[in-house]
Amino acid sequence: MNAGVGAGALAFLHESRAQRVVFAPGQAAAACAEEAARLGVRRAMVIAAPSEAAIADAVAAGVPTAVRHDDVVMHVPVEVAERARRAAADGAVDAVVSVGGGSTTGLAKAVALTTGLPIVAVPTTYAGSEATDVWGLTEGVTKTTGVDARVLPRSVVYDATLLTTLPPELAVASGLNALAHCIDAMWGPRADPIDRVLAGEGIRALAAGLRAIVTAPSGLAGHEQTLYGAHLAAVAFASAGSGLHHKICHVLGGRFALPHAPTHAVVLPHVLALNAPAAPEARRRIAEALGTPDAVHGLADLYRTLAAPRSLRDLGMPEDGIAEAVEPILAAVPPHNPVPVDADRIAALLRAAWEGSEPR
């Protein structure tokens, strides 16, 4: 960019990630087989948790499979990743097909990180990991994340019919995890105008879709809108980078083995309440997407409608974990957060989230 460009000029750098995205309601098996064939797959490793075995059988029926792997653990512990990598090597596989939620996709990414194998991802939640080049591994109580082009799935097959049997409370938590991607993308360290447009549309679709799911849990339309919103959320987040919200949740999830999506759902209103007053453009965009005059109050209204999870205490976090988590979070705070954060602010935020009190 040229030096001397006038103040207020629209100048930014945006990078789009190369990935095929197939929305195929009711056609996951055919679409998955087609995507595998396009990649020339001859010996696939199909990763699915035991609870997803029947879905994986159906979805991967047309894929030449050499290895079925079901050792899936939340937050992808390093030892679990190593076992999956050995299984891939022993089976001489040439691709990975993941069928499941964020933990399953995360394990496929752990394999791709060291092998370069292509991934075909078939999500069964709204986690969004399938649309990012972000990987995460947990060693002991520390969760480490990074960015690597090798872990971005080559193809994603979205089939909303696979999500219509999700219990509403799981759908809500997963969808709010996706909403957190949108809100972090408004002020992430690399956020740009394109990210904000994608995130705004993602918020609109997620809010509408989740409301529809609560009204009609098995209705296809709500799940389609939520899946569409979750994809936009992940694309925006991958470009903008991990903001304060995700840094907090990564520390809490790794340290206390908290469930991923509900943790994001609980923490999100508190981060929004902290950052929104210092980010007026983001606050306006979020409010408009929620169809409300104010972002913080609009999110609170949505949470009431959805009966969303509210308390870290209810998720199993110990009270003394508040003090324990402050320093690791401060060490991970990303640059350019709208509000300067210190130990007192983080402790107050965690206390409110632990108690389930109103964000402030």
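Does the stretch 239-252 include one or more residues that are modelled with pLDDT of 95 or more and under 19 Å from Pro168 (Cβ atoms)?
Checked against the condition, which is being modelled with pLDDT of 95 or more and under 19 Å from Pro168 (Cβ atoms), the stretch 239-252 yields no hits at all.
Residues Val80, Val76, Val59: which one is surrounded by 23 or more Cβ atoms within 10 Å (Cβ to Cβ) and more than 15 Å from the chain's Cα centre (by Cα)?
Only one candidate passes the filter, namely Val59.
So which of Asp314, Asp294, Asp301 is within 26 Å of Ser357 (Cβ to Cβ), in contact with a Ser or Thr (Cβ under 7 Å, 6 or more places away or on another chain) and at pLDDT 95 or above?
Matching residue, one of Asp314, Asp294, Asp301: Asp301.
Conditions: (1) more than 13 Å from the chain's Cα centre (by Cα); (2) surrounded by 24 or more Cβ atoms within 10 Å (Cβ to Cβ); (3) under 18 Å from Leu299 (Cβ atoms). Gly222 meets all but one. Number of the miss?
Result: Gly222 passes all but (3).
Please determine whether any residue of the stretch 252-274 is loosely packed, with under 15 Cβ neighbours inside 10 Å and at negative phi.
No, that holds for no residue.
Here are Arg360, Arg351: which of them is of a type outside the set (A, V, I, L, M), more than 19 Å from Ile203 (Cα to Cα) and not assigned by TED's automatic domain parsing to the domain that holds Ala236?
Arg360
Hey, can you tell me all the residues within the stretch 208-227 that are farther than 14 Å from Ser174 by Cβ and in contact (Cβ under 8 Å) with a residue 60 or more places away in the chain?
Hits for the stretch 208-227 are Arg211, Leu220, Glu224.
Restricting attention to the stretch 313-324, and to residues there that are in contact with a Leu (Cβ under 7 Å, 6 or more places away or on another chain) and of a type in the set (A, V, I, L, M), which single residue is surrounded by the most Cβ atoms within 10 Å (Cβ to Cβ)?
Within the stretch 313-324, the match that is surrounded by the most Cβ atoms within 10 Å (Cβ to Cβ) is Met317.
Among (1) closer than 19 Å to Arg150 by Cβ; (2) in contact with a Pro (Cβ under 6 Å, 6 or more places away or on another chain); (3) of a type outside the set (A, V, I, L, M), there is one condition Thr104 misses while meeting the rest; what is its number?
With (1) closer than 19 Å to Arg150 by Cβ; (2) in contact with a Pro (Cβ under 6 Å, 6 or more places away or on another chain); (3) of a type outside the set (A, V, I, L, M) applied to Thr104, the lone miss is (2).
Condition test on Glu327, is it within 15 Å of Val141 (Cα to Cα) and either at pLDDT below 95 or loosely packed, with under 15 Cβ neighbours inside 10 Å (or both)?
Judged against the criteria, Glu327 is a match.
Against the conditions (1) over 28 Å from Leu290 (Cβ atoms); (2) within 24 Å of the chain's Cα centre (by Cα); (3) touching a residue at least 12 places away in the same chain (Cβ under 8 Å), where does Ala331 fall short? Just the number, please.
(3)
Scan (1) in contact with a Cys (Cβ under 8 Å, 6 or more places away or on another chain); (2) β-branched (Val, Ile, Thr); (3) at positive phi for the single condition Val76 breaks and write down its number.
In the conditions (1) in contact with a Cys (Cβ under 8 Å, 6 or more places away or on another chain); (2) β-branched (Val, Ile, Thr); (3) at positive phi, Val76 misses (1) alone.
Would it be correct to say that Thr305 is among the hydroxyl-bearing types (Ser, Thr, Tyr) and surrounded by fewer than 19 Cβ atoms within 10 Å (Cβ to Cβ)?
yes
Only one of Gly200, Gly253, Gly241 is under 23 Å from His297 (Cβ atoms) and of a type in the set (Gly, Ala, Ser). Can you tell me which?
Testing whether each residue is under 23 Å from His297 (Cβ atoms) and of a type in the set (Gly, Ala, Ser) leaves just Gly200.
Suppose we filter Thr132, Thr125, Thr104, Thr144 for residues that are surrounded by 15 or more Cβ atoms within 10 Å (Cβ to Cβ) and touching a strand residue (DSSP E or B) at 6+ places or on another chain (Cβ under 6 Å); which single one remains?
One residue alone meets the criteria, Thr104.
The values are calculated or read from the model by the stated rules, or taken from the named source; none is laboratory data. Nothing here was measured: the structure is a model prediction, and the numbers come from that model. So basically every Cβ, Gly included, is an ideal-geometry build from the backbone, and we count neighbours across all protein chains shown.
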